[in-house]
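Notes for the one structure printed next.
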Amino acid sequence: MQQLILDSNTWLLVLTGAGVSAESGVPTFRGMDGLWENHPVEDVASPQGFVKDPLLVWRFYSQRRAAAASVQPNPGHAALAAWERHLGDRFLLATQNVDGLHRRAGSERVVEMHGTLFKTRCSKCQRAPFEDTTVYPAGTVPGCRECGGILRPHIVWFGEYLDPADMKKIESFAYRGSTSGGRFVFLAAGTSGVVYPAAGIVDRVREAGGETWLVNLDPAENSGRFEYNVTGKSGEVLPKLAKLM
Ligand code: BV8
Ligand code: ZN
């Protein structure tokens, strides 16, 4: 297997997708053929779906909140936390995953681009999103104590904009890395490269002259846009891939 050298000259931006949580027992989107209980994920992970059937959407997210809380991070998550400890502020992890496993594995420099299962916010008033581990029983839609509106998961649904502050964190890191005079590397792991804007990061990095790596079980939609392709399970590949110098 090729070795990814991580030394004092390296800046590393990592993007993860559902594939890095697969070995922890969290089903991937493509693995579910994009369906949950025969509903296309886009129907239960969209603002339209929420307006149409908030009970169904809360059942979807409560179930995933309970499942994510019941599983453990895997060696792939642990490897990424070790790379962060080695590289410090020359490391940033952007994740599409909402399962919270990166933080539980010790990652701190994490941007949860699509939100997190463990935060809830009001769909009506501007009160700040709050930590929420409650698994709401099927048939309940939690209400906002302050305005009486209904609460929603703090998740970025299809057709919704990502938090501009998150995008700014990723863009400014990539800018600093690519203008540092050092070696700027982008590594994507466990993602099918279908969902934008995450799937477009590789193109921004190439435009900036960065090195691009993909670690994935199957060829991804955008595999051809990566210089280095390592096929395999992230829980097995990531712990062996990097040479920390
Ligand atoms: C946006 C939160 C601007 C939900 C998610 C038409 C109308 C509206 C929008 C669009 C449109 N057409 C295109 C768009 C843009 C849309 C998009 O890209 N759609 C896709 C489907 C074409 N994007 C958006 O809507 C984004 N917002 O664009 O705003 C805008 C605004 C209005 C109108 C237009 C544009 C918002 C995107 C965020 C959506 N929310 N998640 C939730 O999680 O419940 S995305 C969801 O899919 C997950 O977050 C997940 O991360 C993501 C992608 O899936 P992956 O993570 O890649 O997982 P997947 O299962 O696909 O693949 C797993 C891979 O791992 C596989 O390749 C497999 O081989 C591999 N694997 C499996 N096991 C392992 C492994 N690899 C290694 N090891 C293993 N063990
Ligand atoms: Zn409210």
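The values are calculated or read from the model by the stated rules, or taken from the named source; none is laboratory data. All values derive from a computational prediction rather than experimental measurement. Please note: Cβ atoms are built from the backbone with ideal geometry, for glycine as well, and neighbour counts cover all protein chains shown. Surface accessibility is based on the protein's heavy atoms, side chains included, excluding ligands, DNA and RNA. Shrake-Rupley method; radii C 1.70, N 1.55, O 1.52, S 1.80 Å.
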State all residues of segment 110-135 that are of a type in the set (Phe, Trp, Tyr) and within 16 Å of ligand 2 (Cβ to nearest atom); if no residue qualifies, say none. PHE130
Would you check which residues across segment 8-28 are open to solvent by 20 Å² or more (accessible area, probe 1.4 Å) and under 18 Å from GLY235 (Cα atoms) and list them? ALA18, GLY19, ALA22, GLU23, GLY25, VAL26, PRO27, THR28
Whether any residue in segment 49-60 is part of a loop (DSSP other than H, G, I, E, B), free of Cβ contacts under 8 Å to residues at least 12 places away in the same chain and either among the polar types (S, T, N, Q) or assigned by TED's automatic domain parsing to the domain that holds PRO137 (or both) is what I want to check. yes
Can you find even one residue in segment 99-119 that is in contact with an Asp or Glu (Cβ under 6 Å, 6 or more places away or on another chain), without any contact (Cβ under 8 Å) to a residue 24 or more places away in the chain and either open to solvent by 50 Å² or more (accessible area, probe 1.4 Å) or more than 12 Å from ligand 1 (Cβ to nearest atom) (or both)? no
In segment 230-241, how many residues are open to solvent by less than 70 Å² (accessible area, probe 1.4 Å) and either in contact with a helix residue (DSSP H, G or I) (Cβ under 6 Å, 6 or more places away or on another chain) or of a type outside the set (A, V, I, L, M, F, W, C) (or both)? 6
Quickly run through segment 28-39 and pick out the residues that are near ligand 1 (Cβ under 10 Å from one of its atoms) and more than 21 Å from PRO137 (Cα to Cα). THR28, PHE29, ARG30, GLY31, MET32, ASP33, GLY34
Give all pairs with beta carbons closer than 9 Å in which a residue from segment 23-39 that is over 18 Å from ASN216 (Cα atoms) meets a residue that is among the small types (Gly, Ala, Ser) and more than 9 Å from ligand 1 (Cβ to nearest atom); count only pairs at least 6 apart in sequence or on separate chains. HIS39/GLY49
Does SER192 qualify as being in the same structural domain as ALA208 (by TED's automatic domain parsing) and under 23 Å from ARG64 (Cβ atoms)? yes
Taking the conditions exactly as written (open to solvent by 60 Å² or more (accessible area, probe 1.4 Å) and either under 27 Å from ASP203 (Cα atoms) or within 16 Å of ligand 2 (Cβ to nearest atom) (or both)), does ALA79 satisfy them or not? no
